[in-house]
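What follows draws every value from the coordinates through simple rules; no lab data is involved. Bear in mind that the values here come from a model prediction, so they are computed numbers and not experimental data. Glycine gets a Cβ as well: all are built from the backbone with ideal geometry, and neighbour counts include every protein chain shown.
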Amino acid sequence: MSTKFKVDLSSSNVELSGNKITVKGKEGELHTEITYPFLKVEKKDNVLFIESEKDNKFQKSIAGTLAANVRNMIKGVNEKYTAELELVYMHFPASLKLNGNKVVVENFVGERKPREIQVPEGLKVEVKGNKIILSGIDKYKVGQLAGMIESKIQIKNKDRRVFKDGIFITKKP
């Protein structure tokens, strides 16, 4: 007995070639590879079927994860994912800038050296006052960058109850 997951493909163009799934839409194109040999993927009409060989917990979870990833890819190529972050400062007036493909935070907790975060290829970043808006077609990349910015711009070696400065995620992708 095996587990079968269905993914509706009516809203985008999905191609299956060998062990590669390609999703195309109005915003762009994404690829993923099927790395597990026990997964069987087939496309019939406007439905993608993802099936595992056995009905054990591990294989079901991998098949379900691949189905969720394909759904996220379909949503991403049709409408971009966005995440919002906000700069909060209490003691020193910090500022945000966009310098090429880097987000620059100046005067964070009075530091002289600005903190810089590199923006990966394929993501768009907007800085509006104390807000950072990230957008892109890949949900994983948008979330990864939001988490990286949040973790790089935080207080270390000071009491968090007093120093509440940092950049915090206000809207997840």
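Which value, in debye to the nearest 20, gives the size of the charge dipole of segment 4-78 about its Cα centre, when Lys and Arg are +1 and Asp and Glu are -1 at the Cβ? Could the numbers behind the result be given before it?
Values: 13 positive and 10 negative charges, 37 e Å.
The calculated dipole for segment 4-78 is roughly 180 debye.
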The chain, dipole about Cα centre (Lys/Arg Cβ +1, Asp/Glu Cβ -1), debye to the nearest 20: 480 debye
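With the contact rule set at Cα under 8 Å and sequence spacing of 6 or more, what percent relative contact order holds for the chain? Spell out each step's value before the answer.
Numbers: 338 pairs, mean separation 35.8, N = 173.
Contact order relative to length: 21 percent.
Provide M148, M90 in ascending order of the number of other Cβ atoms located within 10 Å of each residue's Cβ, fewest first.
Numbers: M148 15, M90 10.
Result, fewest neighbours first: M90, M148.
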Loop chymotrypsin sites (Phe, Trp or Tyr not before Pro), segment 31-123, which have at most 15 other Cβ atoms in a 10 Å radius of their Cβ (DSSP): F38
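Express in nm, to one decimal, how much length is gained between M148 and N13 on full extension, taking 0.36 nm for each residue of separation and deducting their alpha carbon distance.
Details: separation 135, 0.36 × 135 = 48.60 nm, distance 3.17 nm.
Additional length available on full extension: 45.4 nm.
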Segment 4-78: C-alpha gyration tensor shape, a/c 1.5 cut-off, then a/b vs b/c: prolate
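For segment 81-171, which semi-axes, largest first and in whole Å, follow from the square roots of 5 times the eigenvalues of its Cα gyration tensor?
Values: eigenvalues 102, 37, 23 Å².
For segment 81-171, the ellipsoid semi-axes come out as 23, 14, 11 Å.
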Percent breakdown of C-alpha pair distances by 5 Å bin, ordered from the shortest bin, for the chain: 1, 8, 15, 16, 13, 11, 9, 9, 8, 6, 4, 1, 0
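Net charge within 10 Å of E79 by Cβ-Cβ distance, Lys/Arg positive one each and Asp/Glu negative one each, not counting E79 itself? Intermediate results must be reported in sequence, preceding the final value.
Values: positive: K26, K75, K80; negative: E27.
It works out to a net charge of +2.
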For segment 60-134 versus segment 31-55, the gap between their alpha-carbon centres in whole angstrom: 32 Å
Positive-pole candidate from V119, I132, N13, dipole of the chain, charges at beta carbon: I132
Top positive-direction residue, dipole computed over the chain with Cβ charges, set N56, V104, G25: V104
GNM flexibility winner over the chain from R160, R71, R115 (Cα, springs under 10 Å): R160
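At R0 = 30 Å, how high is the FRET efficiency between K97 and T32 if r is their beta carbon distance? Nearest 0.05 is fine.
Details: r = 35 Å, r/R0 = 1.15.
So, using R0 = 30 Å, E works out to roughly 0.30.
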